[in-house]
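Below is one structure, written out as structure tokens, with a few remarks after it.
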Amino acid sequence: MTKDHFSDAVTQIGSDLVERFCSMDERLERKRTKRRTYLKWGTAAACLLLAIGMTFALKSHNDLPADIDSIAWCTQDGVYESNIVFSPWNGWHHNYALNEQLTHGDADSYIAIRVTPNMSYPHSTEWNDFHTIESLNQEAQKFANAGACAIVKNHRLFIFVTREQLKTLAIEDKDRYKLLFAKQRSYEHKEGDIPTLANDVTGFQYEKFSFDLSYGKYETPKSDEELIDMLNKMIREGQFDTDRLSFIIHSDEFLTEDVFADMHFESLYIAKYIKSCYESVLYENINLEALKALSNHPSITSITVYLDIAELEPA
């Protein structure tokens, strides 16, 4: 509306008042424009601050809550778990090693825990749900929101909590998860930092071998090349959890330690009453020629190869 139209409509109002109104309306419009500009920039600044805050919050979740050497890590290797079935601890399902830590460990120490799916849960997610970084980060955020230090590393989800924090951690559907006492190697190891066995040895009695490549489902190689490929595959799969392979050897007669001398074993156990031997060998000490000679020993009937881990969980 122009000043003339407005004056004609309200003839009882003086022209000086009309002039004042119109000038005031123009100033108000300028203020509203400025206010909208301020609001626009203010909103952008608030979003920026929120993004920065979230960045720092996410960064804090990637920082350990204590010095790495003061955190309680699992040191058991090659020790099979007891068959005792434990009742859930404050709603959490956990492995034997973690139960020992929760029962006898320092109550004030941070505990390194690996979170995995509980496959016995009626509506358990598939292992694949814990294979993608996106899904692992989503699970980590749930634990971070509950107050735990949650870190995704080496395609694994770790949480670092004290016993009391774990006891009171407000996580829905705890039955979906199984908690494992984590090994420091699993957290610190860099992917690919392992030896690779050259595929240049032939003459194995490969039909004597069986490899535990599928968590209880054994495979027998059909060639020398496939045997070495299976060894390399097993080393890659176990690289985060252990630094050695284990061998169980069955024979027709009792064997002596000298049979295994060239295997550069880390540990060797020869049974007294059954014709079986157990040895573990560090990845870097595996001698393919010695393993070939072992397979060609006339008394040895089978060699089972597996990862020396108390409880193997898919990555």
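Per-residue answers, yes or no, for (1) assigned by TED's automatic domain parsing to the domain that holds residue 90; (2) closer than 15 Å to residue 295 by Cα; (3) of a type in the set (Phe, Trp, Tyr):
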residue: 176; (1), (2), (3): yes, no, no
residue: 192; (1), (2), (3): no, no, no
residue: 195; (1), (2), (3): no, no, no
residue: 198; (1), (2), (3): no, no, no
residue: 212; (1), (2), (3): no, no, no
residue: 218; (1), (2), (3): no, no, yes
residue: 224; (1), (2), (3): no, yes, no
residue: 227; (1), (2), (3): no, yes, no
(request) Would you mind stating whether residue 224 is closer than 19 Å to residue 202 by Cα and over 28 Å from the mean Cα position of the chain (by Cα)? (result) yes
(request) Return the only residue of 171, 159 being crowded, with 20+ Cβ neighbours inside 10 Å, in contact (Cβ under 8 Å) with a residue 24 or more places away in the chain and β-branched (Val, Ile, Thr). (result) 159
(message) On the basis of being in contact with a strand residue (DSSP E or B) (Cβ under 6 Å, 6 or more places away or on another chain), closer than 30 Å to residue 112 by Cβ and open to solvent by 20 Å² or more (accessible area, probe 1.4 Å), does residue 244 make the cut?
(response) yes
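One line per residue, one yes/no per condition, for (1) open to solvent by 80 Å² or more (accessible area, probe 1.4 Å); (2) at pLDDT 90 or above:
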{"site": "91", "(1), (2)": "no, no"}
{"site": "96", "(1), (2)": "no, no"}
{"site": "116", "(1), (2)": "no, no"}
{"site": "123", "(1), (2)": "yes, no"}
{"site": "136", "(1), (2)": "no, yes"}
{"site": "140", "(1), (2)": "no, yes"}
{"site": "145", "(1), (2)": "yes, yes"}
(message) With the requirement that a residue be of a type in the set (Lys, Arg) and farther than 18 Å from residue 284 by Cβ, what does segment 174-216 give you?
(response) 174, 176, 178, 183, 208
(request) Look at residue 269 and say whether it is open to solvent by 20 Å² or more (accessible area, probe 1.4 Å) and assigned to a loop (DSSP other than H, G, I, E, B). (result) no
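The values are calculated or read from the model by the stated rules, or taken from the named source; none is laboratory data. Remember, it's a predicted structure, so these values are computed and weren't measured experimentally. Positions of Cβ are backbone-derived with ideal geometry, glycine not excepted, and every protein chain shown enters the neighbour counts. What goes into the accessible areas is simple: the full protein's heavy atoms, side chains included, and nothing from ligands, DNA or RNA. Shrake-Rupley method; radii C 1.70, N 1.55, O 1.52, S 1.80 Å.
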